[in-house]
Amino acid sequence: MKKNGNYFLTNARLVNRVSAILGLILLGCAPSVQSITPEKSELNRETAGGVEEVSQVQAPRRNSEPESSSSRQIAEGLYWIGTTGLGLEVSRDRFRYYDEEGYKEWRDVRGLTSIKEGVIFDGENYWCWSQLVPQGRVGSCTAQGWKIATVKAEEEAKEIGIEELSLGGIRLGDNEATIRRKLGAPDRISEDPYDGPRFEYSGLEFNMGKVGAFNIKSTSDRYCTPAGVCPGMALSEVRQIYGASEIFDRGEEGRFIEYYGPRGETCWLKIALGAADRVESVAVACQP
């Protein structure tokens, strides 16, 4: 019986101790709670207590986290990666690529990741919103946005005269009547849904818009630049005419070198290289 008496006495003391703690909590004095969960007590004092603060403490506060890329909306419009003929168009819940050849098939916009406002990533390249590109400057898209070349870098990019931005005597802005006088009727006219009619001659093609000819591309040595750079020419010969220039390798798009027009001009020569570093095509490319 003595053993049972000690047992009941111990339990009675335990009940009294728990009751005392509960009483302190009800009065708003809970030093024991602070000693158990110091982080939660500190936050509760900042937010002025109550049942709701517990859920706020347990769940991370959204304003302390960066906005997730999946929840950030991708703006509609055109996106570029820099001084290439490649582009990307976003329209509602879909996107598609385009180049000098025309538009590709539509894809689900969920294939793109929003890095920050005006910058998206497609798994291979960063694309920047065209509305944010600094006018008249050479730039490339990075995860941080448009990166503008320094004056020194632009000078090293081998500037050419604006008169070199023509092929076979066809210049940017030439109207249809002028071109027909020079070349005759085109072999074919195809319809580009974005850039308008595409005039195709044997070895030469271009788009015709309200501002005249643009996106001019030559694959024949009959249509060369005024300085004499032609398809079929060796890379070493091109460099003798225009100077050294870096070779860019863009995977499926191929390998090419570029020569830029005068500063402030948004068009340039894009020279595609094939086997043995010979010129496959020469194009006058422009930022759309």
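Taken together, the values in this text are just the output of simple stated rules run on the coordinates, not laboratory data. Remember, predicted model here, so these are calculated numbers, not experimental data. Every residue, glycine as well, gets a Cβ built from its backbone with ideal geometry; the counts of neighbours run over all protein chains shown.
Rounded to the nearest angstrom and ordered from largest down, what semi-axes does the equivalent ellipsoid of the stretch 181-286 get from its C-alpha gyration tensor (root of 5λ)? Intermediate values should be presented prior to the final figure.
Details: eigenvalues 116, 49, 40 Å².
Ellipsoid semi-axes (Å, largest first): 24, 16, 14.
Residues of the stretch 203-227 with backbone nitrogen within less than 19 Å of a virtual label 7 Å along the Cα-to-Cβ line of residue 185, please, listed as ranges. Within reach of a label on residue 185, which here means backbone N under 19 Å from a point 7 Å along Cα→Cβ, the stretch 203-227 contributes 203-206, 208. A simple spin-label model places the labels of residue 194 and residue 125 1.1 nm from each other, with each point 7 Å out along Cα-to-Cβ. For the stretch 156-288, relative contact order (Cα pairs under 8 Å, six or more residues apart, normalised by length) works out to 26 percent. Label-to-label distance for residue 96 and residue 241 is 3.5 nm, based on points extended 7 Å past Cα in the beta-carbon direction. With the simple model of a label 7 Å out from the Cα in the direction of the Cβ, residue 202 to residue 275 spans 2.3 nm.
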